[in-house]
Amino acid sequence: MSGLAPFVIGVAGWKNSGKTTLVVKLVRELTKRGYRVSTVKHSHHDVEFEAPGTDSARHREAGARDAVLVSPRRWAIVHEMRDEPAPELEEIVARLTPADIVIVEGYKHEPICKIEVRRHGQSEGPPLAGTDPLVVAIAADHAVTDAGLPVFDLDDAPGLADLVLAKSGLVTT
């Protein structure tokens, strides 16, 4: 666990494939093993981080670029982009507290190693593996044949954590 840049790996797939569930399982497994893990979640929707009318929301509405909210158990920075474009993933990762591993949910077209998540009944979309050479494994709730990649059960957090650690260089298999 060094002071070097963290290993960044994506968990990507189509809507309702189980990405968030897998990220939660991986975070639990990797932190249980003593690794410092951060996450980045990409959303295509506008999100509200605080209820309208709260003090920090009023600060932002008044024109503050960053509003920092601090409590006894956590703190958050809400950055108002106004007319700025969304930051690149690399810029977001650089702003995180030092970590060993950053797990990114979404950003399916970002040039990072990815675990593709597939589930029966998920939203339609073509498989990422086969067209994205950065997909290093598939996690699925059904049999996947002819993938040419390691395939894990969606519930195999220990196996997927081993894969992440091997790819990261933090441990060797």
Q: Hey, can you tell me all the residues within the range 106-142 that are closer than 22 Å to Pro6 by Cα, among the small types (Gly, Ala, Ser) and at pLDDT 95 or above?
A: Ala137
Q | Matching residues, the range 111-120, being under 19 Å from Thr21 (Cα atoms) and either in a loop (DSSP other than H, G, I, E, B) or aliphatic (A, V, I, L, M) (or both) | A | Ile115, Val117, Arg119, His120
(Q) Return the pair list, or none, for Cβ contacts closer than 7 Å from residues in the range 83-101 that are among the small types (Gly, Ala, Ser) to residues that are in a loop (DSSP other than H, G, I, E, B), at least 6 apart or on different chains. (A) Ala99/Pro6; Ala99/Arg36
Q) So, in the range 78-117, of the ones that are within 16 Å of the chain's Cα centre (by Cα) and of a type in the set (Lys, Arg), which residue ends up surrounded by the most Cβ atoms within 10 Å (Cβ to Cβ)? A) Lys114
Q. Within the set of pairs 6 or more residues apart or between chains, which connect a residue that is within 12 Å of Leu154 (Cα to Cα) and modelled with pLDDT of 95 or more inside the range 21-39 to a residue that is part of a helix (DSSP H, G or I) and among the β-branched types (Val, Ile, Thr) with Cβ atoms less than 7 Å apart?
A. Leu26/Val164
(Q) Restricting to the range 126-165, count the residues that are outside any strand (DSSP E or B) and either touching a strand residue (DSSP E or B) at 6+ places or on another chain (Cβ under 7 Å) or over 25 Å from Thr31 (Cβ atoms) (or both). (A) 23
**Q.** Matching entry among Leu160, Leu128, Leu149 (being under 26 Å from Tyr35 (Cβ atoms), touching a residue at least 24 places away in the same chain (Cβ under 8 Å) and over 16 Å from the mean Cα position of the chain (by Cα))
**A.** Leu128
Q: Please work out which residue is surrounded by the fewest Cβ atoms within 10 Å (Cβ to Cβ), limiting yourself to the range 48-77 and to residues that are modelled with pLDDT under 85 and among the hydrophobic types (A, V, I, L, M, F, W, C).
A: Ala51
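Yes/no per residue for (1) touching a helix residue (DSSP H, G or I) at 6+ places or on another chain (Cβ under 8 Å); (2) farther than 22 Å from Leu26 by Cβ; (3) part of a loop (DSSP other than H, G, I, E, B); (4) of a type outside the set (D, E, K, R):
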{"position": "Glu90", "(1), (2), (3), (4)": "no, no, no, no"}
{"position": "Val93", "(1), (2), (3), (4)": "no, no, no, yes"}
{"position": "Gln122", "(1), (2), (3), (4)": "no, no, yes, yes"}
{"position": "Lys167", "(1), (2), (3), (4)": "no, no, no, no"}
Q: Could you list all residues from the range 45-80 that are without any contact (Cβ under 8 Å) to a residue 24 or more places away in the chain and under 22 Å from Val8 (Cβ atoms)?
A: Val47, Ile77, His79
**Q.** Subset of the range 1-14 that is within 20 Å of Leu89 (Cα to Cα) and in a loop (DSSP other than H, G, I, E, B) - its residue that is modelled with the lowest pLDDT
**A.** Gly3
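The values are calculated or read from the model by the stated rules, or taken from the named source; none is laboratory data. Being a predicted model, the structure only gives us computed values, none of them experimental. Because the Cβ atoms are built from the backbone with ideal geometry, glycine has one as well, and the counts that use them run over all protein chains shown.
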